[in-house]
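In what follows, a structure is listed as structure tokens, so that the remarks can point back to it.
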Amino acid sequence: MVSGVGDLARAAQAAMTRGEEGTALSLWQQVLSADPDHAVALLTLGDAARRAGRTEPARDLLSRAVAAAPALVPARCALANLLLHQGEVDAAAVHLAVAAEQGAGIAYVWRDIGLLRRVTGDPAGALAAFDRCLELAPGDSAASLGRSLALLRLGRWREGFDLYRHRWSVSARPPRHQQIQAWRGEDPAGKRILVWDEQGAGDTIMCVRLVRSLMAAGAQIVLEVPAALVPLFDDGRHGTVVARGTDLPPVDRGVPLLDLPGLLGLEPTGIPWPGPYIASDPVRTAGWGQRLARQGNRPRIGFSWAGNPAHPGDAWRTPGLAALRPLLERSGADWYALQVASGREQLRDSPLPAPVTDLGAEIGSWADTAAILPHLDLLITPDSALAHLAGAMGRPVWTLIATDTDWRWLEGAAKTGWYPSMRLFRQKRCGDWAGVVARVAAALPA
């Protein structure tokens, strides 16, 4: 029979060891009721709340755990992770500095430090931290993926892509089509190869150009993408395009799309650019032209303010509508909002200025968005699939880049080999969208 805080804590630990998380959390709650300053109970319940996305109770519980036991390294790391994902970078850094002092020999401390350094725009420092983690725990898949992403961002693509397979170890979903023999870079001539999407729409739009290398080498390509993207690629230039979830034709090999850069030996100085490789439907384009008729010689500028909220770095890479408001208040241009779905809820608290035309509610598909872009003189957007679509169509696009930039954008430059028509505006400090927007405003025509 369980009685007393000590017995309850031991019972909770035993339930956790058996994998009975619900029972364990119930017992830890009883521990906390009996002893409100029980550091392990506070940590366990707080971390469970953090993982469940319950940020406010998680913050309260983890802060209390740190206050109760300042040297409790797991509590410091859990609280730092929560603060980092809430954009409180400096506070997260303080907790991780203490964790490093108290637990310099603990592998996950260095993994968390690697993430912090990556988010704040220090890929070299992140690489050093992930290396230290892997010295202490050579099998840490998350650190191996972190090391891969740091190497890729530093332009060391051959090394980085060698480790990029570790993305599957931390993915919630296993790779599809495991029953199909993998294509691993051997001569593709005469083979029918399934290339299938695996990440976001932007990654798919960016890397779909690479199937042409296989086609030029004699392969027949079956390209599997989400149904919403099929109209963008179904023009004969990307093989046979099929919607994910539908029946596939017979194939000899299969490969996930994001394996192609590594298998093809892609380097930052040799990114293939075949010219614009996505075109809009002429009839649909003409229809949207009636909505975007030019007013005199005023430039037409499209914009969006948020990317995919499911992206793990969305908290850092999305500026939000309020951050872009100084641009929208400028006269001399006609502004068109292209934000669809997620992000539009921000309109409740920050309505668009009256002169801005909101197209987002009328856009029903990627085909609609592609048909709008030819009518715009410029698109301004955070790093999102919309930016990739504009770049792939050869349309002028200014992309707003956070310090936690994706590896593809490398370091420092305002131009990118992926898209000649794209200009990058980079944060100089994590979270400083005001500085980015000020530089964008200065670059716009008076």
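Values in this text are rule-based calculations from the coordinates and carry no lab data. Please read these numbers as outputs of a predicted model, since none were measured by experiment. Please note: Cβ atoms are built from the backbone with ideal geometry, for glycine as well, and neighbour counts cover all protein chains shown.
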message: Just to be sure I understand: of the beta bridges DSSP finds with both ends in the chain, what percent are antiparallel, rounded to 5?
response: 5
- prompt: Once you list every other residue whose beta carbon is under 13 Å from the beta carbon of LYS191, what net charge do they have if Lys and Arg are +1 and Asp and Glu are -1?
  reply: 0
field: Contact order relative to length of the chain, as percent, for alpha carbon pairs under 8 angstrom and 6 or more apart
entry: 12
statement: With 0.36 nm assigned to each residue of separation and the Cα-Cα distance removed, GLN220 to ALA124 gains 30.6 nm
message: Over 5 Å intervals from 0, what percent of Cα-Cα pairs in region 260-384 sits in each interval?
response: 2, 9, 17, 19, 17, 15, 10, 6, 3, 1, 0
- prompt: With the chain treated as a Gaussian network of Cα nodes joined by springs under 10 Å, which of ASP140, ASP314, ASP162 yields the largest mean-square fluctuation?
  reply: ASP162
- prompt: What's the extension gain from ALA67 to ARG176 if we count 0.36 nm per residue and subtract their Cα-Cα distance?
  reply: 34.7 nm
Compactness of region 56-207 - radius of gyration and Dmax, Cα, Å: 18.8, 66
- prompt: Taking a quarter of the surface of the Cα convex hull of region 1-65, what do you get in nm²?
  reply: 4.0
message: Run lengths n ≥ 4 of DSSP H only: what is the helix-derived mean residue ellipticity at 222 nm for the chain, with -39500 (n - 2.57) per run over all residues, to the nearest 500?
response: -13000 deg cm²/dmol
task: Count charges around GLY160 for me, please; just the other residues with Cβ under 10 Å from its Cβ, Lys/Arg as +1, Asp/Glu as -1.
output: +2
- prompt: Considering the chain as a Gaussian network with a 10 Å cut-off on Cα pairs, which listed residue, ARG237, ARG317, ARG51, attains the greatest mean-square fluctuation?
  reply: ARG51
message: Cut-off 10 angstrom, C-alpha nodes, Gaussian network model of the chain. Which of GLU411, GLU198, GLU20 fluctuates the most?
response: GLU20
- request: Restricting things to alpha carbons, tell me how big the chain is in terms of Rg and Dmax, in Å.
  value: 24.6, 83
field: Charge dipole of the chain about the Cα centre (unit charges at C-beta), most positive-ward option of GLN346, THR240, THR405
entry: THR240
query: Any idea how far apart ALA442 and ARG294 come out in nm if each label point goes 7 Å out from Cα toward Cβ?
result: 2.9
query: Going by average Cβ neighbours within 10 Å, how do the peptides 244-250, 272-278, 75-81, 131-137 rank, with the highest at the top?
result: 75-81, 131-137, 272-278, 244-250
- line: antiparallel share of DSSP beta bridges within region 351-426, to nearest 5, in %, is 10
- prompt: Just how large is the dipole of region 356-446 about the Cα centre, in debye to the nearest 20, putting +1 at every Lys and Arg Cβ and -1 at every Asp and Glu Cβ?
  reply: 420
message: Taking the beta-carbon count within 10 Å as an exposure proxy, list LYS415, LYS191 from fewest neighbours to most.
response: LYS415, LYS191
field: Cβ-placed point charges (K, R +1; D, E -1), dipole of region 46-159 about Cα centre in debye, nearest 20
entry: 260
message: What does the C-alpha gyration tensor say about the overall shape of region 250-304? Classify as rounded when a/c is under 1.5, otherwise prolate if a/b is larger than b/c, or oblate.
response: prolate
